[in-house]
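Below is one structure, written out as structure tokens, with a few remarks after it.
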Amino acid sequence: MTDFLLELRCEEIPARMQVKASEDLARLFTEELARAGLKPAAIDSFVTPRRLALIARDLPVETAAVSEEHKGPRTSAPPQALEGFLRKTGLTQDQLEDRDGVWFAVVNKPGRATMDVLGDAVPAVIRAFPWPKAMRWGVASQTTESLRWVRPLQGIVAIFGEQLVDIAVEDVRSGYATLGHRFHHPGAITIGGADDYVEKLRACHVIVSHQERQAIIAEKADEAAAAHGYSVIEDKGLVAENAGLTEWPVPLLGDFDPAFLEVPPEVIQLTLRINQKYFVLREAAGTLAPAFICTANIEAKDGGAAIVAGNRKVLAARLSDARFFWEQDRKTALVDHAQKLERITFHEKLGTVADKVERVAKLAQWLVEEGIVKGADADLVEQAARLAKADLVTEMVGEFPELQGVMGGYYARAEGLPDAVADAIRDHYKPVGQGDDVPAAPVTVAVSLADKLDTLFGFFAIGEGPTGSRDPFALRRAAIGVIQLLVQNNLRLPYFRVMFPGIQNLGVAMGQARANKIARALDSVWQADKGKYFSAELLQDAYDEAIRNETPETNPEIEALYETVLQAPQKLSDFFTDRLKVQQKEAGVRHDLIDAVFALGGEDDLVRLLARVHALQSFVATDDGANLLAGYKRAANILKKETVDPAIVPAAPSEPAEAALLAALDAAEPLAARAVTDERFADAMAALATLRAPIDAFFESVTVNDADPAKRAARLALLDRVRAAVHGVADFSKITG
């Protein structure tokens, strides 16, 4: 068995592409060998800024003969189908096998020299390589048939054992030579084979293992920081990025003027990390240290003093810019910054960012006034909502968009605004995703919830909901954020109810007078019948009532918008259901149990719904739950097949088991119903569990389909009561298993 070394050397590969490229090289190469019947014992892959490499272990000198079987068309198929199959296989018709009316081709391939296989495989891998971005270069780039690579390909090393595999791709031909470190060893290095590749390059100041370079950076950075009493703020992504920028990493510690620490720490962190790729350090007390760690790509003769000095100078300029932005932004009050939001379009059909701010402010106040978000001062909520987006037009957020919200919080506090307002401005985008902190302060919760609900309803109302993998407005993330806010803060929000102020707020898009009328009509319908499942029909009725005495609208675009708005609530309801399933599935909740509760209809309180789901999940995991589910399904299957003639008067119970089930139902039904009303869902399940034994006994000793129509009607009615009692908690027909 023999090892094969492949190195593809080029100009600098972007750090963000390197790890994926290394994985792709190993995958494509393995696939190419598999086509020839070769499978290496292992593949070791390497990547540096200037090279992709792999070592395929324990390959045979020759491939074994392989036999491939191909299924073709039926023997009765048209001649054209057979001709195409023969062209594909390279056989003649007399070489095919007829197996039960279907042509099969058996193609025997003799063994090949592995050298020849490798000679074909490497160019195929190079030409098929899936770089996210690639380029052509030189004279050959004048044709689209020329090679595309991430950066100009400069060298190929391909050695099988000690033999060179002759490969030519464009004007690049394989050889034994590669290059070492750009500065420490710029000359050619002769590679003898896979055995000496890693260590020979190490001797020339190139560490080919990306993982090893990461480990060196993390370890040496920690040591440098500790030597000055600091610690490194963990950043695995930055470690990987620095490993992708160096072939011989040397972490160096530098410092900066402590006066810059008056700038918010998030700004300093982003300046160091994003602009300069530096590691951020922390004092023993936990505050930011006036120091940084950069990663050099050489071992400097002066110990890195000149490198640190140069980086310190560049960083000082960056931090000076950040301090200037900080000082300039604070010269203008947030309320004045907010006026500039009229110049920014949020969406062509939803107006400007200023329009969105107005909608969010009204909706946030409504959430407080309706008692949905408790403990929040309505005036502070309105103030926070109207200032929440003001930092979008500041210099600092223009430089660092990642700091939107965060900088607004700092500016609000610098102005002397209440802490509750500053916190709400800072945190109203949260939660941004799974694992992010969920706001709990009432003012923040009101603004955050209103912001996300407005985004969701607005885009669904104009027909811009997510489709497939496309979600340009991050509506899935907004929906998960709403769910987290409601559940973790125990907010009782019938989310269909929020549609009405949502429609009213859409006056900018559909005409304020019309929007107000529709919203008022919807609100009156809901107030008259709270708890009714909100449907497209209800919305249509309210819409018709609102515009009954109006002159029909003649603008087709506005009419189309009305139609879209009519469909939005139900689509948004389905969307929330899907998002809830995703979120709860990740939390270990079965989606069929969510379906079982949603199937009851009329449930749009997520806190209550999840309490019911969690109680159901606990219940079905018990023996009582499993047996009751089995009994329910047996009853439901009988009721699917049998119908009761309403003209037949049911007979009184004639069997002891029948009477026992009737008595159990009489006792369990009111207990379960009261428990559901009081939202004691575990107690409701316990009440239903008392039906388990009577149902089992009923099916063991009672014949449902009795010859006596009155007895049969009574027993079917009893089973119908069992089904109805269970449906008071959940639709068990939706539960799998």
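Can you name the helices (runs of 4 or more DSSP H) wholly within region 206-277 that have at least 1 residues being more than 24 Å from residue 47 (Cα to Cα)?
Here the list reads 210-226, 265-270.
One line per residue, one yes/no per condition, for (1) under 22 Å from residue 659 (Cβ atoms); (2) not basic (Lys, Arg):
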{"site": "701", "(1), (2)": "yes, yes"}
{"site": "707", "(1), (2)": "yes, yes"}
{"site": "719", "(1), (2)": "yes, yes"}
{"site": "722", "(1), (2)": "yes, yes"}
{"site": "726", "(1), (2)": "yes, yes"}
{"site": "729", "(1), (2)": "no, yes"}
{"site": "734", "(1), (2)": "no, no"}
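I'd like to check something: does region 32-46 contain any residue that is in contact (Cβ under 8 Å) with a residue 40 or more places away in the chain and under 31 Å from the mean Cα position of the chain (by Cα)?
Yes - at least one qualifying residue is present in region 32-46.
Taking region 634-658, which residues are of a type outside the set (Val, Ile, Thr) and surrounded by fewer than 14 Cβ atoms within 10 Å (Cβ to Cβ)?
Passing the criteria: 637, 640, 641, 645, 646, 647, 652, 656.
Condition first: surrounded by 21 or more Cβ atoms within 10 Å (Cβ to Cβ) and more than 12 Å from residue 311 (Cα to Cα). Now tell me which residues in region 250-262 satisfy that.
Residue satisfying the conditions is 251 alone.
Which members of region 671-707 meet the condition of being more than 38 Å from the chain's Cα centre (by Cα), part of a helix (DSSP H, G or I) and among the small types (Gly, Ala, Ser)?
672, 673, 687, 689, 693, 697, 701
Output the number of residues of region 278-297 satisfying the condition of being surrounded by fewer than 18 Cβ atoms within 10 Å (Cβ to Cβ) and out of contact with any Leu (no Cβ under 7 Å at 6 or more places or on another chain).
Of the residues in that region, 5 qualify.
If the requirement is being farther than 30 Å from residue 255 by Cα and modelled with pLDDT of 95 or more, which of these qualifies: 381, 360, 308, 314?
Answer to the selection: 381.
Say whether the condition of being within 15 Å of residue 597 (Cα to Cα) and aliphatic (A, V, I, L, M) is met by at least one residue in region 707-720.
Scanning region 707-720 turns up no residue that is within 15 Å of residue 597 (Cα to Cα) and aliphatic (A, V, I, L, M).
Is it true that some residue in region 425-440 is assigned by TED's automatic domain parsing to the domain that holds residue 373, β-branched (Val, Ile, Thr) and buried (at least 23 other Cβ atoms within 10 Å of the Cβ)?
Yes - at least one qualifying residue is present in region 425-440.
Output the residue which, of all residues in region 688-708 that are free of Cβ contacts under 8 Å to residues at least 40 places away in the same chain and either touching a Cys at 6+ places or on another chain (Cβ under 9 Å) or under 14 Å from residue 629 (Cα atoms) (or both), is surrounded by the most Cβ atoms within 10 Å (Cβ to Cβ).
694
Taking region 340-357, which residues are farther than 15 Å from residue 462 by Cα and of a type in the set (A, V, I, L, M)?
Result: 341, 344, 353, 354, 357.
Please enumerate the residues belonging to region 270-319 that are of a type in the set (Gly, Ala, Ser) and at positive phi.
286, 303, 304 - these are the residues of region 270-319 that are of a type in the set (Gly, Ala, Ser) and at positive phi.
Hey, can you tell me all the residues within region 298-317 that are assigned to a helix (DSSP H, G or I), surrounded by 14 or more Cβ atoms within 10 Å (Cβ to Cβ) and more than 42 Å from the chain's Cα centre (by Cα)?
The answer is none; no residue qualifies.
Are any residues in region 578-636 β-branched (Val, Ile, Thr) and either in contact with a His (Cβ under 9 Å, 6 or more places away or on another chain) or assigned to a helix (DSSP H, G or I) (or both), and if so, which ones?
582, 589, 594, 597, 607, 613, 620
Looking at residue 192 and the list (1) in the same structural domain as residue 294 (by TED's automatic domain parsing); (2) part of a loop (DSSP other than H, G, I, E, B), which single condition is not satisfied?
For residue 192, the exception is condition (1).
The values are calculated or read from the model by the stated rules, or taken from the named source; none is laboratory data. Here the structure is a predicted model, which is why all the values come from computation and not from measurement. Because the Cβ atoms are built from the backbone with ideal geometry, glycine has one as well, and the counts that use them run over all protein chains shown.
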